[in-house]
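Here's the structure we're looking at; comments come further down.
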Amino acid sequence: MDYHSTYKSWQADPEKFWMNAAEGIDWDKKPTFALNNSNAPLFEWFTDGHVNTCFNALDRHVENGRGDQIAIIYDSPVTEKKQYISYTQLLEKTSLLAGSLIKIGVTKGDRVIIYMPMVPEAITAMLACARIGAIHSVVFGGFASNELAVRIDDAQPKAILAASCGIEPGRVVEYKPLIDSAIELSKHKPESVVILQRPEAEAILKPGRDFDWNEFQVQAKPADCVMVEGNHPAYILYTSGTTGAPKGVVRPTAGHLVALHWSMKNIYNVDPGDVFWAASDVGWVVGHSYICYAPLIHGNTTILFEGKPVGTPDAGTFWRVISEHKVKAFFTAPTAFRAIKREDPEGKFKSKYDLSCLQALFLAGERADPDTINWAQNLLGVPVIDHWWQTETGWTIAGNPTGIEFLPIKVGSSSMPMPGYDVRILDNDGVELPYGQLGAVAIKLPLPPGSLPTLWNAEERFINSYLSTFPGFYETGDAGLIDDDGYLYIMARTDDVINVAGHRLSTGAIEEALSNHADVAECAVIGVSDQLKGQIPLGFLCLTKGVNRPHEEIVNECVKLVRNQIGPVASFKLAAVVPRLPKTRSGKILRATMVKIADSQEFKMPATIDDPTILDEIRVALKSLGYAQ
Ligand code: COA
Ligand code: AMP
C-alpha cells in the first residue's frame, strides 16, 4: 500500500487501523477495542488491554531468540568508553534494578524521577520503572535545582535515580549538589535517592536517604513484569508552556507501545536487528521515544551517544559513530548539523569514513532550514527527511513514511500527516483556511494512540491549554500552512515558547527568574534568531527607580540568575537595560514586534501601541547587542 491508501484506510476505519497496529505488541490481555471516547473530549486508547512496556522492549525479544543481539551500544567520546549490551544482559540488569526498586518500596503507580546523563543506566532505570508499573519522570541534566524542585513537587516521586555527574565538554557537572538543593527547596521529600557513582566526580551520600547504585542491588531479587491497564501512565515528561510552571505530559502505556512500534518500520523504514541512532538526550522526548523505547520495542539496536556533534573530539564524530556501528537510520536536530557545518563547512571529516550503511537522515525538534537540509543532503548523499512532532504527541505528526512510500521531498516542509493525525489550518475564529494560507495548526480530535491523554494532575490546564481555543481540535501552538499537494510547512510558534538548539523553552519562565532580581522592576524575554541554535533568548530589563549601579553588572547578575534558576540549557547570555517596554494600551507587552525588530524583519506598527517612540529605544538596545542591524 502507498501512503495515500494507508492514510485513507485509517480515515475510513481508525478502529480497524489501530487494532491491526496493536498486533505488533505482546499483550497479557488483548484489548477488545481501540478508542475509548466515553469521556470526550478526553480520549484514551486500548483501555481494556493489559500489557507491560518492559516485557515488549526486552523479555519478548529474549524469548524470541534475540537475546544475544546488542540492544544498546554506549559510545561515549567524553569518557572514551564504549559498551555493548545484549538484550539478555539488559534484561538481567533491568530486572535486578526493578527488584531493588521494589525493595525500597516503589510499587505500581509510584513516581520515580530519573536525573541522569547519557549512560546505559539511564535506560535501565526507565525500563525498570516500566517493569514494575512505576511512572518515571526523566529530568534533563541541563536544568538547575530549582527546575528539578518544581518537578519533584509536581510529580511527588518516591525515589530519585541519579548519577553523581554529567560530563560536558571541558567541565564535569556534579549532579548530587543540585539534587540535594532541589530536595531542600521542594515541599515533597522523596524517601530514597540512588546514585550511580561515576569516577569523574563521586558524590557524598547522605546516610538513610541515599544509596549507592551497585550496593543497593546486591541483595535484591530480579523482578517480574507487572501488567498494567492500557491507559496506565508510562511516564511523565515535563515540557515548557507559556508560564513558568512546566506541563507534565502524560504518556499512556498501550498507545505508546502501539504507535512507537508502528513508527519504526513505517516511518523510519528499519527492520528488527537494524541499528538506529537518535542523537538527542534521554531528557527530551526524542530520547524517550527513539533512544530508549521505540528501537527496543521493535527489536533494533539503539545507540546511546554521550557527546556533542562537535568538539568531542571533532566535527567528524557523527560520521565515525555511523560508520563504526553501521547505523541505518539516523535522527537528530538541525542545530547539530549547523554546528558541524560551522566547524567543517566542506565536510572534510566525512571523507575519512565509510557511510554506505546509512539509509536516511531524519531531522526534528525545530524548523529545518533549507540551507541545513541541502548541505546535509549534499554531504551525505542520502535523503534528509524533516518530520514534525512534539513532546505531547511522542511521535511524528507529519513526516515522510519511508517504510510505506518514499514521498518526494519538498525542502522546508515536514511532508504529510501520519495516519492518526487529521491536521487542519485554522484562522483565529477556528475557520479552516484554504491551501497556502498561514494559520494555526490544529489536529482534529481524537489524537492518535501514544499522544497525551491529559497533563499530570492538571486536567483543567490540559483542557485550557490545548482543547479550548478550537473546540473539537487539539491546538498545537504552531503556525503553518498546507500547500496544494497536502504538504505541511511549520513556520513558527503562536505562543511564547521558543526553541533553542532543539530545546523547548518558555520565555515566561525566564522572565519569572529575572523578576527575582532585586533591581529588576519589569522585564521581557524574546527569542531572537541565532545561526547555530535557531533561536536564543534575549532579555530586556527595566530597573527599579533609584537603582544607579552599572548596567553591565546587573546584566551579568541576571545572566547568572537564570543559569542558576533554570539551568545552563536556557542559553541565556544576552540582556539589555531599557527605560521602558513597548506595550499595548491595555498593557500587553509587544514581544512579537520586538522579535521582528531584532531579526530586522518588516513589521506593521501595532494599532494599539501605547507609545511608538519606545520601539526606537528597543532598537538602540538591540543594536548594542548586535541585533536589529
Ligand atoms: N547537563 C549540564 N549542562 C548541559 C547539558 C547537560 N546535560 N546539556 C547542555 N548543557 C549546557 C551546555 O554545556 C551549555 O553550557 P555553557 O553555557 O556553559 O556552554 C548550555 O547548557 C547550553 O547547551 P546547548 O544549547 O546544547 O549548547 P552547546 O553549545 O553546548 O551545544 C549544540 C550546541 C548544537 C552542539 C547542541 O545543542 C546539540 O548537539 N544539539 C543537537 C541535538 C540535541 O540535543 N537536540 C535535542 C532535541 S532532539
Ligand atoms: P518539543 O516538544 O520540545 O519536541 O518541541 C516541539 C516544538 O518544536 C513544536 O511544537 C515545533 O514548534 C518545534 N518543532 C519540532 N519539530 C519541528 C519541525 N520538524 N519543523 C518545525 N518545527 C518543529
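Data table
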{"quantity": "Count - residues of the range 267-290 that are among the hydrophobic types (A, V, I, L, M, F, W, C), touching a residue at least 60 places away in the same chain (Cβ under 8 Å) and within 10 Å of ligand 1 (Cβ to nearest atom)", "calculated": "4"}
{"quantity": "Selection count where residues are in a strand (DSSP E or B) and small (Gly, Ala, Ser), scope the range 247-265", "calculated": "1"}
{"quantity": "Test: residue in the range 537-559 that is at positive phi and either acidic (Asp, Glu) or within 16 Å of ligand 2 (Cβ to nearest atom) (or both)", "calculated": "no"}
{"quantity": "Boolean, Val431 is away from ligand 2 (no atom under 16 Å from the Cβ) and either surrounded by 20 or more Cβ atoms within 10 Å (Cβ to Cβ) or more than 23 Å from Gly486 (Cβ to Cβ) (or both)", "calculated": "no"}
{"quantity": "Condition met for Ala376 (under 26 Å from Asp281 (Cβ atoms), away from ligand 1 (no atom under 16 Å from the Cβ) and crowded, with 20+ Cβ neighbours inside 10 Å)", "calculated": "no"}
{"quantity": "Enumerated helices (runs of 4 or more DSSP H) restricted to the range 81-179, each holding at least 1 residues that are within 16 Å of ligand 1 (Cβ to nearest atom) and of a type in the set (S, T, N, Q)", "calculated": "145-155"}
{"quantity": "Near pairs, Cβ below 8 angstrom, 6+ apart or cross-chain, from the range 231-246 (in a strand (DSSP E or B)) to any residue that is at pLDDT below 90 and within 16 Å of ligand 1 (Cβ to nearest atom)", "calculated": "none"}
{"quantity": "Residue that is away from ligand 2 (no atom under 16 Å from the Cβ) and under 27 Å from Thr6 (Cα atoms), where the choices are Gly381, Gly403", "calculated": "Gly403"}
{"quantity": "Condition broken by Thr476, with the remaining ones in (1) among the polar types (S, T, N, Q); (2) assigned to a strand (DSSP E or B); (3) within 16 Å of ligand 1 (Cβ to nearest atom) satisfied", "calculated": "(3)"}
{"quantity": "Filtered residue count, the range 481-511, keeping only those that are within 12 Å of ligand 2 (Cβ to nearest atom), out of contact with any helix residue (DSSP H, G or I) (no Cβ under 6 Å at 6 or more places or on another chain) and small (Gly, Ala, Ser)", "calculated": "2"}
{"quantity": "Subset tally (residues that are over 21 Å from the mean Cα position of the chain (by Cα), among the charged types (D, E, K, R) and in a strand (DSSP E or B)) for the range 510-530", "calculated": "1"}
{"quantity": "Qualifying residue in the range 84-97 (condition: within 30 Å of Lys444 (Cβ to Cβ), out of contact with any helix residue (DSSP H, G or I) (no Cβ under 6 Å at 6 or more places or on another chain) and surrounded by 16 or more Cβ atoms within 10 Å (Cβ to Cβ))", "calculated": "no"}
{"quantity": "Residues of the range 494-509 that turn out to be in a strand (DSSP E or B) and among the β-branched types (Val, Ile, Thr), as a count", "calculated": "3"}
{"quantity": "Enumeration of residues in the range 392-445 that are under 21 Å from Pro14 (Cβ atoms) and among the hydroxyl-bearing types (Ser, Thr, Tyr)", "calculated": "Thr393, Thr396, Ser415, Tyr421"}
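The values are calculated or read from the model by the stated rules, or taken from the named source; none is laboratory data. Please read these numbers as outputs of a predicted model, since none were measured by experiment. As a convention, Cβ positions derive from the backbone with ideal geometry for all residues, glycine included, and neighbour counts pool all protein chains shown.
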